[in-house]
Amino acid sequence: MANLWAGRFEKGMDDIVAEFNASIGFDKRLYNCDIDGSIAHVTMLSEAGIVTASEKDDIIAGLEGIRKDIASGKLVFTARQEDIHMAIEETLIARIGDAGKKLHTARSRNDQVQVDVRLYFMRETMTILEALVRLENVLLERALQNTDELLVGFTHLQHAQPVTIAFHLMAYFQMFRRDIERLMDARSRANKNPLGAGALGGTTFNINRHRTSELLGFDAPTENAMDSVSDRDYIIEFLSAASISMMHVSRFAEELVYWNSSEFKYISIDDGFCTGSSMMPQKKNPDIAELLRGKVGRVYGDLITLLTVMKGTPMSFNKDFQEDKEPMFDAIDTWKASISILAAMINKTEFRREEIDRHLSSGFLAATDIADSLVRQGIPFREAHEIVGKMVKYCEKKSCDFTDLKREDLIAVDGCFETMSLPDVSMKGCVNARTSFGGTAASEVKRQIEVGAAWLANIH
Ligand code: ARG
């Protein structure tokens with residue numbers, strides 16, 4: 001069949017050009033959205049008296065038949081058909097004849113592709129939101145089980161202060177909460193209907209864009225036709241939200257990798273998420289966590305790709321924009337899968353109590369607590385800091401811990417210990433003393449869990 005625009009041309013494209021020009025290889029995944037958009041369009045056209053009711057019925061029946069045949073694999077397209085929009089329209093005309101030729105009245109591929117992508121965007125981002133909500137639920141659940149379980153808290157990857165497992169997990173809960181909020185925010189701005197913008201300037205037909213918005217479930221029609229066919233910033237916002245969230249995934253994955261290492265042994269990753277080595281029989285490698293750590297790279301790439309594609313393009317539609325889809329699809333697939341895998345992994349990860357306890361006994365984790373206690377006994381913080389610093393040096397020289405120091409040792413470190421005493425330096429005591437708002441004390445983390453659960457329950 002000749003191209004839909006053959007009238008203007010003396011000859012068709014070379015094969016190699018047709019391949020290069022085509023987007024059908026990747027935009028065929030938009031077929032359901034394309035058909036939904038066309039059905040809303042023709043429904044509105046018939047209500048406006050632009051096509052007859054029976055033409056509309058024929059078109060809708062034809063489109064539904066095409067939908068079924070694409071889904072079953074009966075209908076396959078070729079690069080010659082360029083993109084999913086033309087492939088479906090061409091097939092419709094071949095199947096139902098003249099009525100099919102009226103579908104594209106008052107529409108351009110420029111607004112058509114945008115309505116398809118926005119519909120796809122709204123649907124897919126909803127499933128990503130659902131995956132994020134599942135992940136948050138897993139974090140809440142694991143946090144609740146671990147409000148009293150201790151963990152080494154680090155800064156600069158050096159032992160810093162004791163925290164709880166729940167506290168650490170709730171830190172990630174907050175990060176993913178902001179990811180959810182960013183995605184919801186991007187969705188609320190994207191939820192506008194570009195259909196009816198035409199090629200760039202609207203249409204001479206008396207169409208009803210509010211009606212197609214309603215039929216397709218968009219909040220409202222886009223305000224300006226030129227913007228509607230030119231704008232891709234909703235995808236860029238999405239890619240940026242995806243990049244930030246994947247960065248969070250990558251950080252979490254890195255913690256799983258080192259927590260699982262033979263040096264740390266804080267956790268044991270479930271066998272189902274590990275692989276063996278082809279050569280070394282003893283190996284159990286955290287490949288899935290490593291893959292999660294690495295997946296962020298492609299999503300950053302997707303963001304930079306589209307920012308670069310859009311840079312410097314003039315109003316309104318340019319073929320450059322066809323390059324928007326692969327990065328968006330890639331980021332959707334990667335983000336969705338990564339969140340689901342991470343949730344499943346955390347759900348099954350076992351914390352190794354004895355090993356964690358072993359680590360808690362080194363690194364002078366109670367140092368800040370001792371300084372705070374000296375402050376409470378009347379010493380200014382800067383001086384207390386120095387005294388405890390000297391205690392650490394003393395212990396290091398003697399290869400012992402704070403709890404091994406006798407009163408003579410303490411007095412040898414600083415005369416203040418003639419009158420002053422050490423606080424409870426048990427790890428549990430240190431943790432549970434941190435009751436400040438946002439702190440790691442069990443009571444405070446339980447509050448954070450409650451607030452988080454209430455927020456999560458109210459998302460819609
Ligand atoms: N395949 C094109 C895309 O992905 C559809 C829009 C084409 N419009 C045009 N005037 N060539 O963006």
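The values are calculated or read from the model by the stated rules, or taken from the named source; none is laboratory data. Just so we're clear, the structure is a prediction, and the values are computed from it rather than from any experiment. Positions of Cβ are generated from backbone atoms using ideal geometry, with glycine treated the same way; all protein chains shown enter the neighbour counts.
Tabulated values for the structure
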read-out: Failed condition for residue 47, given (1) buried (at least 17 other Cβ atoms within 10 Å of the Cβ); (2) touching a Lys or Arg at 6+ places or on another chain (Cβ under 7 Å); (3) under 29 Å from residue 191 (Cβ atoms); value: (1)
read-out: The stretch 204-223, residues that are among the hydroxyl-bearing types (Ser, Thr, Tyr) and either buried (at least 22 other Cβ atoms within 10 Å of the Cβ) or touching a Gly at 6+ places or on another chain (Cβ under 7 Å) (or both); value: 212, 213, 222
read-out: Of all residues in the stretch 256-284 being touching a residue at least 40 places away in the same chain (Cβ under 8 Å) and in a helix (DSSP H, G or I), the one that is surrounded by the most Cβ atoms within 10 Å (Cβ to Cβ); value: 256
read-out: Where a residue in the stretch 99-115 is among the basic types (Lys, Arg) and its partner, wherever it lies, is in a helix (DSSP H, G or I) and near the ligand (Cβ under 8 Å from one of its atoms), with Cβ under 7 Å and at least six apart; value: 109/85
read-out: Filter result for residue 186 (hydrophobic (A, V, I, L, M, F, W, C) and crowded, with 16+ Cβ neighbours inside 10 Å); value: yes
read-out: Where a residue in the stretch 313-335 is in contact (Cβ under 8 Å) with a residue 60 or more places away in the chain and its partner, wherever it lies, is within 12 Å of the ligand (Cβ to nearest atom) and among the polar types (S, T, N, Q), with Cβ under 7 Å and at least six apart; value: 315/230; 316/230; 317/110; 317/230; 322/23; 325/23
read-out: Residues being in contact with a Lys or Arg (Cβ under 8 Å, 6 or more places away or on another chain) and more than 14 Å from the ligand (Cβ to nearest atom) - total across the stretch 95-120; value: 0
read-out: When residues of the stretch 1-16 are limited to those that are exposed (fewer than 10 other Cβ atoms within 10 Å of the Cβ) and part of a helix (DSSP H, G or I), the one nearest to the ligand (Cβ to nearest atom); value: 8
read-out: Residues located in the stretch 350-376, provided they are surrounded by fewer than 20 Cβ atoms within 10 Å (Cβ to Cβ) and among the polar types (S, T, N, Q); value: 361, 362, 368
read-out: Selected residue (only one of 92, 75 is free of Cβ contacts under 8 Å to residues at least 40 places away in the same chain, of a type outside the set (Ser, Thr, Tyr), in contact with an Asp or Glu (Cβ under 7 Å, 6 or more places away or on another chain) and more than 16 Å from the ligand (Cβ to nearest atom)); value: 75
read-out: Answer residue from the stretch 196-215, given it is in a helix (DSSP H, G or I) and under 20 Å from residue 230 (Cβ atoms) and is farthest from the ligand (Cβ to nearest atom) among those; value: 213
read-out: Count of the stretch 308-323 residues which are of a type in the set (A, V, I, L, M) and loosely packed, with under 15 Cβ neighbours inside 10 Å; value: 1
read-out: Output for the stretch 434-460, where each listed residue is part of a loop (DSSP other than H, G, I, E, B), at negative phi and surrounded by 11 or more Cβ atoms within 10 Å (Cβ to Cβ); value: 434, 435, 439, 440, 441, 459
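A quick yes/no check of all residues on (1) at pLDDT below 95; (2) assigned to a helix (DSSP H, G or I); (3) within 22 Å of residue 193 (Cα to Cα):
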position	(1), (2), (3)
18	yes, yes, no
25	no, yes, no
29	no, yes, yes
45	no, yes, yes
50	no, no, yes
61	no, yes, no
80	yes, yes, no
86	no, yes, yes
